[in-house]
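> Let me begin by handing over the structure; questions about it come next.
The values are calculated or read from the model by the stated rules, or taken from the named source; none is laboratory data. Just so it is clear, the model here is predicted, and its values are computed rather than measured. No Cβ is skipped: glycine too gets one built from the backbone with ideal geometry, and neighbour counts run over all protein chains shown. For accessibility, only protein heavy atoms count, side chains too; no ligands or nucleic acids. Shrake-Rupley method; radii C 1.70, N 1.55, O 1.52, S 1.80 Å.
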Amino acid sequence: MVEYVLTILAGMLAAIVVISFHEFSHAFVAYKCGDPTAKFSGRMTLNPVKHFDPLGLLTFALVGFGWAKPVPVNPNNFKNYKWGSFWTSAAGIITNYLMAFLFYPLLWVVLKYLSPLTAGTYGQIFIEYLFAYFYLYSLSFCVFNLLPVYPLDGFRIMDAFNTRRGKVYWFLRQYGYWILLGLMLFSYAARTIPGLAVLDVFGYAMRFTKDFIGRPITAFWGLFDVVVWI
């Protein structure tokens, strides 16, 4: 029971850090591209209270995927509408990937040098899960936000260069949030209800994509014999 609570706490702390950097990067890049809306709204900060969505944070801790409160952006303020929209939308994804790149060797250091010092204690459990979640959540949040479903970054990146506004576009924009919530609930149910694990199609797809996108990270650090089995 204690171990389960520690894993949940570690997951929520990791999610808060990952989300805060993700949203800050959106606000910062938007400001650099000419739009001060996020800054004036108090969102150009690493203060997690300004960013997290309670439901999104909960699903992050329980399922490994979630969302934050969107940063307000007025693309009409951008010096270049298309590129400003693109870089502002892509900033969070890029930031999370770089975080995963840095957290991977830090996880290796924790497992190799810190864990033996705290072996057999609750501290070992918490610190190992915390840094594992730092890496995994950075990567999963990056992958999750690539989905072309509103209000995720993948949809906004597509929207930056898409001049067509067909039925599919408006459907995803109007019902995207509920689609994501439904996927989260279905994924959680499939993982927790005995006999339904095989139906976690969303989870399978996300894990496959995450492993594929994370391969350059593991390959690079593997050159220096930094290998972590998660």
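> How large is the charge dipole for the range 87-214, taken about the Cα centre, if only the Cβ atoms of Lys, Arg (+1) and Asp, Glu (-1) carry charge, to the nearest 20 debye? If you can, show how the numbers build up before the last one.
Numbers: 9 positive and 5 negative charges, 82 e Å.
For the range 87-214, the charge dipole is close to 400 debye.
> Evaluate the charge dipole of the chain about its Cα centre and quote only its size in Debye, nearest 20, assuming +1 on the Cβ of each Lys and Arg and -1 on the Cβ of each Asp and Glu.
Numbers: 17 positive and 10 negative charges, 174 e Å.
Taking the Cα centre of the chain as origin, the dipole is about 840 debye.
> What dipole magnitude, in Debye to the nearest 20, does the range 1-76 give about its Cα centre under +1 on Lys/Arg Cβ and -1 on Asp/Glu Cβ? Write out the running numbers ahead of the final one.
Numbers: 5 positive and 4 negative charges, 56 e Å.
Its charge dipole is roughly 260 debye.
> May I ask for the longest run of the chain untouched by trypsin sites (Lys or Arg not before Pro) that are loop-located per DSSP and have at most 12 neighbouring C-beta atoms (other than their own) within 10 Å? Show your work: numbers first, answer last.
Working: sites that count: LYS79, ARG164, ARG165.
Between exposed loop sites, the widest span is 80-163.
> In terms of the ratio Rg/(2.2 N^0.38 Å) built on C-alpha atoms, what value belongs to the chain? It would help to have the intermediate numbers written out before the result.
Numbers: Rg = 18.5 Å, N = 230, 2.2 N^0.38 = 17.4 Å.
Here the Cα radius of gyration is 1.06 times the empirical estimate.
> Another question, if that's okay. How many times 2.2 N^0.38 Å is the alpha carbon radius of gyration of the range 68-119?
Working: Rg = 18.4 Å, N = 52, 2.2 N^0.38 = 9.9 Å.
Relative to the rule-of-thumb radius for its length, the range 68-119 sits at 1.86.
> Kindly provide the helix-only [θ] at 222 nm of the chain, computed as the sum of -39,500 (n - 2.57) over DSSP H runs of four or more divided by all residues, to the nearest 500 deg cm²/dmol? Don't jump to the answer; show the numbers that get you there.
Values: 8 runs with 154 residues, N = 230.
For the chain, the value works out to -23000 deg cm²/dmol.
> Could you look at the chain and say what percent of its accessible area is carbon and sulfur, using a 1.4 Å probe and all protein chains?
Values: 8730 of 12380 Å².
Roughly 70 percent, rounded to a whole number.
> Can you give the percent of C-alpha pairs in the range 4-95 whose distance is more than 18 Å?
Values: 1861 of 4186 pairs.
Result: 44 percent of Cα pairs exceed 18 Å.
> Could you sort out which of LYS79/LYS210; LYS112/LYS210; LYS50/LYS167 sit more than 28 Å apart by Cα distance in this structure?
Details: LYS79/LYS210 34 Å; LYS112/LYS210 24 Å; LYS50/LYS167 34 Å.
Table pairs above 28 Å Cα-Cα are LYS79/LYS210; LYS50/LYS167.
> Specify which residue in the list THR95, ALA160, ALA205 is farthest towards the positive end of the charge dipole of the chain, using unit charges on the beta carbon of Lys, Arg (+1) and Asp, Glu (-1), about the Cα centre.
Going by the charge dipole, the pick is ALA160.
> Grab every C-alpha pair in the range 155-226, bin the distances at 10 angstrom width from 0 up to the longest one, and report whole percents.
With a bin width of 10 Å, the distribution comes to 16, 27, 30, 22, 5, 0.
> Counting only heavy atoms of the protein chains, get the accessible area per residue of the range 33-182 (1.4 Å probe) and round it to a whole Å² value. Kindly include the intermediate steps, with their values, before the conclusion.
Details: 7620 Å² over 150 residues.
Spelled out: the 1.4 Å probe surface of the range 33-182, per residue, equals 51 Å².
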